[in-house]
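The values are calculated or read from the model by the stated rules, or taken from the named source; none is laboratory data. In this text, all values refer to a predicted model and were calculated from it rather than measured experimentally. As a convention, Cβ positions derive from the backbone with ideal geometry for all residues, glycine included, and neighbour counts pool all protein chains shown.
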Amino acid sequence: MFSHESIPLIIIFIIMLLAVLVAFLHPVHAFYSWLRRRRERSAAEIAREADSR
């Protein structure tokens, strides 16, 4: 009876699942890239200090 509704529901479910995945992964990725940039910057400052001595 409701078989014609299953495909749109599946598509909506997949889209919502992808949205939740992106909403979770984006801040995690941003945090890790911020940490990496911070580490690289501090390593460059340490190397600059060692060169100036």
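A few notes on this one:
- Qualifying residue in the range 31-48 (condition: hydroxyl-bearing (S, T, Y), more than 18 Å from the chain's Cα centre (by Cα) and surrounded by 10 or more Cβ atoms within 10 Å (Cβ to Cβ)): yes
- Condition check for A23 on (1) at pLDDT 90 or above; (2) of a type in the set (A, V, I, L, M); (3) surrounded by 10 or more Cβ atoms within 10 Å (Cβ to Cβ): one failure, at (3).
- Qualifying residue in the range 3-14 (condition: under 12 Å from the mean Cα position of the chain (by Cα) and either part of a helix (DSSP H, G or I) or surrounded by 10 or more Cβ atoms within 10 Å (Cβ to Cβ) (or both)): no
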